[in-house]
Amino acid sequence: MGTGKCGLRGFNCFLQCSGLGRSQMTTPWSAWSRPSGIQKLLLLVKQFMECVSRAVMILATMREAHLLACISGQVQSGKYDESFNLFREMCYFSRRPDSILIASLLSACASTATISCSKEIHCYAVRVGADTDTKVSSSLMDAYAKCGFAELGYLVFRQIPNKNSVMYNMVISNLGSHGFVMKAIEVHDEMVRDKLRPDGATFSALVAACCHAGLLDE
C-alpha cells in the first residue's frame with residue numbers, strides 16, 4: 001500500500017513537472033479515447049517511463065559509489081571478509097571496480113594470505129583487462145608471494161608489458177625469499193638486458209636470496 005502511494009506521488013510530481021494540470025487528468029475517458037487523445041496519453045506514458053529510467057540510472061550510480069566507499073572502508077578497517085563479500089556483490093550487479101580498488105582488495109589478500117581470494121580477484125582483473133595495470137600487477141605479485149606462491153607472482157610478472165625497476169626488485173625479492181634463487185638471478189640478468197640499472201634494493205634482495213639458500217659464493 002505504501003509503495004502504491006509513493007508511486008502515485010511520483011506520478012503526480014511528474015505531472016506537475018511536465019506542465020499537465022489536474023484538470024487535464026480529470027478529462028472524461030471519451031475525450032482520451034479519441035485518436036488525438038490516445039496519442040497524447042501514449043506520449044504522457046512514454047515521458048513518464050523515461051523519467052523512471054533516468055531515476056533508476058541515478059540510483060544505480062549512487063549504489064555503485066556507496067559500494068566503492070564501503071569496500072574501501074572495510075579494507076582500511078581490517079574487515080577483509082566483509083570487503084570481499086561487497087566486491088562479489090558489486091560484480092553481481094555488473095559494476096566495475098577501478099584498478100585502485102582492485103589493488104586495495106589484493107592488499108587485503110596479502111594481509112590474510114588467502115590464496116583463493118587472490119585467484120578470484122586475479123581472474124576478475126584478467127576478465128576486465130585490469131591485470132596489466134601497474135598497481136594491480138604489483139599488488140598481485142605481492143599477494144601471491146604473501147600467500148606462499150611466489151611462482152604465481154612470477155607468472156604475473158612475465159605478462160607485464162612495460163616493467164620498471166620496482167617490479168624487478170619485487171619479483172627478485174619474492175623469488176629469493178621463497179627459495180627460487182637461480183630464477184631470481186635470471187630475473188636480475190633480464191633486468192640488465194632491459195637496460196634497467198640495478199640499485200641498492202636489487203642487490204640487497206639478491207644477497208638475501210643467496211644467503212637464504214646458502215649460496216655464499218654466488
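The values are calculated or read from the model by the stated rules, or taken from the named source; none is laboratory data. This one's a predicted model, so the numbers in the text were calculated from it and none came from an experiment. Reconstructed Cβ throughout: ideal geometry from the backbone, glycine too, with neighbour counts over all protein chains shown.
Within region 95-121, being charged (D, E, K, R) and at pLDDT below 85 holds for 95, 96, 98. Among the residues of region 117-161, which ones are touching a residue at least 24 places away in the same chain (Cβ under 8 Å) and more than 25 Å from residue 87 (Cα to Cα)? Scanning region 117-161 gives 151, 154, 161. Checking each residue in region 107-148 for being surrounded by fewer than 23 Cβ atoms within 10 Å (Cβ to Cβ), touching a Ser or Thr at 6+ places or on another chain (Cβ under 8 Å) and among the hydroxyl-bearing types (Ser, Thr, Tyr) picks out only 107. Note on region 70-101: among residues that are closer than 21 Å to residue 133 by Cβ and in a loop (DSSP other than H, G, I, E, B), the one that is farthest from the chain's Cα centre (by Cα) is 94.
Here residue 165 fulfils each of the conditions (1) surrounded by 14 or more Cβ atoms within 10 Å (Cβ to Cβ); (2) more than 17 Å from the chain's Cα centre (by Cα); (3) within 26 Å of residue 82 (Cβ to Cβ) apart from (3). Criterion applied to 154, 144 was being modelled with pLDDT of 90 or more and touching a Lys or Arg at 6+ places or on another chain (Cβ under 8 Å), and the one residue passing it is 154. Contact map, region 74-99: first residue in contact (Cβ under 8 Å) with a residue 12 or more places away in the chain and surrounded by fewer than 19 Cβ atoms within 10 Å (Cβ to Cβ), second residue β-branched (Val, Ile, Thr) and not in a helix (DSSP H, G or I), Cβ cut-off under 9 Å, separation 6 or more or different chains; pairs are 80/114.
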